[in-house]
Every structure is written in C-alpha cells, then in structure tokens.
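S.K.: The structure under discussion is supplied below as structure tokens; questions concerning it will follow.
Read the figures in this text as sums done on the coordinates, not as results from a lab. If you're wondering where the values come from, they're calculated on a predicted model, not measured in any experiment. Positions of Cβ are backbone-derived with ideal geometry, glycine not excepted, and every protein chain shown enters the neighbour counts.
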Amino acid sequence: LAKTTQPISMDSYEGQEVNITCSHNNIATNDYITWYQQFPSQGPRFIIQGYKTKVTNEVASLFIPADRKSSTLSLPRVSLSDTAVYYCLVGATYNQGGKLIFGQGTELSVKP
Amino acid sequence: DAGVIQSPRHEVTEMGQEVTLRCKPISGHDYLFWYRQTMMRGLELLIYFNNNVPIDDSGMPEDRFSAKMPNASFSTLKIQPSEPRDSAVYFCASTRPGQGKTGELFFGEGSRLTVL
C-alpha cells in the first residue's frame, strides 16, 4: 500500500488560496489519488480524485505531476467554513486487493 | 437519497457488555466499509465487504470484534465483550466504484461509543 505524507497542520486567512501537498513516493501504476475533508463530529467527505495532470471541480483543484509521486490539493479563496482536516489517500480499485487507508491528515485552520 | 445511516449515534456502556452498531448503506452501493476513529490512531479501516461478502478483515483488532452483512441493505459491527479501549467513533461508509477506481466513499455520521 502506498504510504502518504502530508503536513500535520496549516494556517491560512479568509480569501487566500491554500495548497496542501501530499507525498506518495511508492504510488503504484493503478493507484488513484483521492482527497477527503472531515469536520469535527462528522464522517469524511469526498473532495476530489485524480490519476494524473490536473482535475478541477466546483470545490477544489488537484495537481498531479508526471511522476505522480506527489499531489497538491488547491482550495481557492478559503473561508472560515473550510477549517477541517484534509486527508490524502492513494489506492487501487478494491477488486485488485486495494483498500483506502487514511493517514494522519492535515488540519487546516482558516482565520478571519 | 438518505445517505448512509448509522445507529445508534451515541452509546455508553459498561466494560464487558455486548455492543452492536448498525449500518444501512446507500441503495445500489456494493461496497461497505467499517472504520474506527480515535485521537491516538486516527481513522482505521476495520473490515470491508463486497456484495455482502467480507473481503478484508485484517484491520479487525481482535476476536472480540465481528462484522456481518446479511443483505445488501444492512450491516452490523459487534463487540463482545467491550473494553474501555474500544471507545471511539465508528464510521460506516459505502461506495459503488467505477471501473478501475476506488470510488467516492460516502460516510455515515458515525456511532460514538464510550465504554466505561
């Protein structure tokens, strides 16, 4: 299973762009990269998933370099409500024996 | 859709008692996962099912833990006997992954267990 490393915590201010980088040096060919967000007392919520290059949705962008050994979650113009823990996961489809393992996550604190 | 439904939301019990946590996945999802979250260990994958069949239970901490999925719309996680170190929030999640992908996990609101 590919292990992920991400910063334990980050601080930001409202209106700023936040970039959280995750390292996954031993990512496998079939692995996808997925990010989840978790608020206190709630279950994690899917943000975005990608395999290579760039993926964008209404919430965030995910940048993946060619070697796929890292990825960066970009949150545009954060607000106080974006204060949460963000998890980076890598894994292949379950029918190939893969499973999603959550790491320690990055605790993002957005200040006014 | 109502999302993943877990019950009870909170349970307080005494050491040695049996605890049963319940989960109703989203209709049509064919994978179901049980995770446990604590401050010390974070989110741990306990077990997951595909089409009601347990696929990987390597995360189940010990024989006191058991999980079943008798049908596509119901799963249970049982702890017998419970111990204080089992105190945690237990999450159930379900998904229907696309070809070659791990899919979007939909989590329930969790069951907070306190064992005294």
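S.K.: Of the options A:Gly15, A:Phe102, A:Ala66, report the single residue whose Cα projects farthest towards the positive end of the charge dipole of chain A (beta-carbon charges: Lys, Arg +1; Asp, Glu -1).
M.R.: Farthest towards the positive end: A:Ala66.
S.K.: A follow-up question, please. Taking neighbour Cβ counts within 10 Å as the exposure measure, how do B:Leu43, B:Leu116 sort from fewest upward?
M.R.: B:Leu116, B:Leu43
S.K.: Across the residues of B:36-42, average count of Cβ atoms on other protein chains within 10 Å?
M.R.: 2
S.K.: Also: Quick one: A:Lys99, A:Lys52, fewest Cβ neighbours within 10 Å first, how do they rank?
M.R.: Least to most surrounded, the residues fall as A:Lys52, A:Lys99.
S.K.: Right, here's the next one. Calculate the spin-label point distance for A:Gln16 paired with A:Tyr51, positioning each point 7 Å from the Cα along the beta-carbon direction, and give it in nanometres.
M.R.: With each label point 7 Å from Cα toward Cβ, the separation is 3.5 nm.
S.K.: Mean shadow of chain B, computed from the convex hull of its alpha carbons, in nm²?
M.R.: Reported value for the Cα convex hull: 6.9 nm².
S.K.: What order, most packed first, do the peptides A:53-65, B:45-57 have when packing is the mean number of other Cβ atoms within 10 Å of each residue?
M.R.: The packing order, highest mean first, is B:45-57, A:53-65.
S.K.: Quick one, can you get me the convex hull of the C-alpha atoms of the protein assembly as shown expressed as volume per residue in Å³?
M.R.: Hull volume over Cα atoms, normalised by residue count, gives 123 Å³.
S.K.: Need the list of aspartates and glutamates near B:Lys78 for cross-linking: C-alpha distance under 19 angstrom, and skip anything on the same chain fewer than eight residues off.
M.R.: Excluding near neighbours in sequence, the set is B:Glu11, B:Glu14, B:Glu18, B:Glu44, B:Asp56, B:Asp57, B:Glu62, B:Asp63, B:Asp86, B:Glu109.
S.K.: Give me the net charge of B:Thr13's neighbourhood, meaning all other residues with Cβ under 12 Å from the Cβ of B:Thr13; Lys, Arg count +1, Asp, Glu -1.
M.R.: Neighbour charge sum, excluding B:Thr13 itself: -4.
S.K.: Another question, then. Between B:Ile5 and residues 5 or more places away or on another chain, which pairs have amide H atoms under 5 Å apart, with H built 1.01 Å from N, and which residues are they?
M.R.: Those lying under 5 Å, H to H, from B:Ile5 are B:Lys24.
S.K.: Separate question: Could you work out the mean count of beta carbons from other protein chains within 10 Å of each residue's beta carbon in B:52-58?
M.R.: Partner-chain Cβ atoms within 10 Å, mean over residues of B:52-58: 1.
S.K.: Using only the alpha-carbon atoms, what does the stretch A:11-85 span along each of its principal axes? Please give whole angstrom values in decreasing order.
M.R.: 36, 26, 21
S.K.: Explain nothing, just compute: Karplus ³J(HN,Hα) = 6.51 cos²θ - 1.76 cosθ + 1.60, θ = phi - 60°, for every residue of the stretch B:65-81 in order, whole Hz, x for Gly and Pro.
M.R.: 9, 9, 9, 9, 9, x, 8, 5, 10, 7, 9, 10, 10, 10, 10, 8, x
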